[in-house]
Amino acid sequence: MKKLFSVALLLGFFALSVGVAVAGDNVDAMVELLRSDLRADKRALVDAAMDLSDADAKLFWPNYEAYERERAKLGDRTVDLIKRYPDAVNLTGSETLLQLSNDWFKLQDDRIKLVKKYYKQIEKDTSLRVAVRWLQVEHRLHLLLHLQIAAEIPMVAPIKR
């Protein structure tokens with residue numbers, strides 16, 4: 001539980017930094033620096049949470065590393081989407097808002113496809129139990145990160161009546 005709280009704080013810092021960085025000039029450099037720290041900490045947390053046997057670890061970690069490489073590309077798309085929100089929150093036209101919504105839905109669909117792909121591969125290489133445990137750990141970390149990010153993204157302005 002302590003480790004999960006520590007990661008929540010780290011993820012919160014990351015999300016806050018992304019939120020602050022959206023308005024800054026050097027967003028990409030800041031995000032990449034935070035991501036490199038986050039990847040190392042996330043791996044340590046996943047390692048502790050998975051509690052794998054040596055045999056399962058040999059099969060799990062190559063899959064996890066491949067998953068993380070592909071997930072990082074989704075992370076790039078997420079950051080790009082977040083960067084577009086501040087310019088769109090006060091718009092009254094629907095085209096930009098519709099594009100943001102469609103891009104968000106596509107990102108969620110692609111994330112689910114990626115998780116399913118690696119869930120199946122981890123299950124095939126190790127066991128159903130290891131795959132489900134990874135799914136739980138990954139889901140919890142995803143929720144923690146995205147809850148923090150959502151708290152920093154400005155809401156679209158309401159319609160003035």
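The values are calculated or read from the model by the stated rules, or taken from the named source; none is laboratory data. None of the values given here were measured: they were computed from a predicted structure. With ideal geometry, Cβ positions are generated from the backbone for all residues, glycine too; neighbour counts draw on all protein chains shown. Note: areas computed on protein heavy atoms with side chains; ligands, DNA, RNA excluded. Shrake-Rupley method; radii C 1.70, N 1.55, O 1.52, S 1.80 Å.
Overview of results
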read-out	value
Cross-link pairs beyond the 25 Å C-alpha cut-off, checked among Lys58/Lys120; Lys83/Lys117; Lys58/Lys106	Lys83/Lys117; Lys58/Lys106
Added length on full extension, which subtracts the Cα-Cα distance from 0.36 nm per residue, Ala44 to Ala72	8.4 nm
Charge dipole (debye, nearest 20) of the stretch 58-161; +1 at Cβ of Lys and Arg, -1 at Cβ of Asp and Glu	340
Gain on full stretching of the segment that runs from Lys106 to Leu135 - 0.36 nm per residue minus C-alpha separation	8.4 nm
In Å², nearest 10: area of Asp110 left accessible to a 1.4 Å probe	30
Dipole moment magnitude, nearest 20 debye, the stretch 105-161 about Cα centre, only Lys, Arg, Asp, Glu C-beta charged	200
Order of exposure, largest accessible area first, which applies to Thr96, Thr78 with probe 1.4 Å	Thr96, Thr78
Area of Arg133 that stays accessible when all protein chains are in place (1.4 Å probe, Å², to 10)	110
